[in-house]
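In what follows, a single structure is set out as structure tokens and then discussed.
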Amino acid sequence: MAILYIVSTPIGNLGDITLRAIEILKGVDFILCEDTRQTLKLLNHYNIQKPLVSYFQHSKLAKVDYILEQLRQGKKLALVTDAGTPGISDPGNKLISSIVEKAEKVEIISIPGPSALTAAASVSGFPMDKFLFLGFPPAKKKRKKFFEEIAGSKHTVIFYESPHRILKTLKELSSLITHRKIVVCRELTKKFETIYRGEIEEIIKTLEGDEPNGSSSPSPLLPKCSISDKNNLRGEFVVIINHG
């Protein structure tokens, strides 16, 4: 039977991959990935030599048809994302949906592992028996509605943001969640991992390079992120907001 493995890969530190994931990647016929350059770094590190097929958000229908045909021929494929677990805030879910709909005899197997979502949640200290995950905020339209949904949530809220928009997003959100505790995680599992804790205004000041107040101060062992240092304001951010 054809198999599609959904393989979680490290979000930063290459040592975070599971033994099972390595075994699966070595055994499949080829690997579907977002960016072949990113995936090659991981494969080369573990001496895995497999053909790569790019699949990303704007892949044409012909690419999906090609993947479906390979599965109909009984091939074993692995789907990976650039970092973390496929299908969470990336186009993997669309491919999986197509396979479920059009290739009934394909077995879909999860190979669990790293995820920025769960990594950040685990260190937040906020209630996680129920939480709302919202992916990335809209770049333009529906941003106000997005932030109002966060402010009105009765549960902990988690979302992702890019380094280019993190300050803009926090400032837009600040008027709606004054005095709410938040956690902002940057560069999780990487060399410059930093976790900021406190109220939103405190964390904005820290990110802008001002002296923070109270508990928002990052660890003295880690560099302070400064808006004037574009190299420091890099990497994906995970923002967690305690419920009201």
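The values are calculated or read from the model by the stated rules, or taken from the named source; none is laboratory data. Since this is a predicted model, take the numbers as computed values, not measurements. Cβ placement follows ideal geometry from the backbone for every residue including glycine, while neighbour counts extend to all protein chains displayed.
Of the numbered criteria (1) in a helix (DSSP H, G or I); (2) touching a Gly at 6+ places or on another chain (Cβ under 8 Å); (3) farther than 28 Å from residue 12 by Cβ, the one residue 101 fails is (2).
Outside any helix (DSSP H, G or I) and at pLDDT 95 or above, is that true of residue 192? No: the conditions fail for residue 192.
To keep it simple, each residue is scored yes or no on (1) closer than 20 Å to residue 189 by Cα; (2) in a strand (DSSP E or B); (3) at pLDDT 90 or above; (4) not assigned by TED's automatic domain parsing to the domain that holds residue 191.
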| position | (1), (2), (3), (4) |
| --- | --- |
| 12 | yes, no, yes, yes |
| 15 | yes, no, yes, yes |
| 24 | no, no, yes, yes |
| 38 | yes, no, yes, yes |
| 44 | yes, no, yes, yes |
| 78 | no, yes, yes, yes |
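Only residues that are under 24 Å from residue 55 (Cα atoms), β-branched (Val, Ile, Thr) and within 18 Å of the chain's Cα centre (by Cα) were counted across segment 97-133, and they come to 1.
Evaluated against (1) in contact with a Gly (Cβ under 7 Å, 6 or more places away or on another chain); (2) within 14 Å of residue 17 (Cβ to Cβ); (3) surrounded by fewer than 16 Cβ atoms within 10 Å (Cβ to Cβ), residue 81 falls short on exactly one condition, (3).
Residue-by-condition table, conditions (1) crowded, with 18+ Cβ neighbours inside 10 Å; (2) within 21 Å of residue 12 (Cα to Cα):
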position	(1), (2)
31	yes, yes
40	no, yes
43	yes, yes
66	no, no
69	no, no
75	no, no
89	yes, yes
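From the list 166, 158, 195, 108, the lone residue that is more than 30 Å from residue 22 (Cβ to Cβ) and either touching a helix residue (DSSP H, G or I) at 6+ places or on another chain (Cβ under 8 Å) or loosely packed, with under 14 Cβ neighbours inside 10 Å (or both) is 166.
From the list 125, 135, 113, the one residue that fits, being crowded, with 17+ Cβ neighbours inside 10 Å and of a type in the set (Gly, Ala, Ser), is 113.
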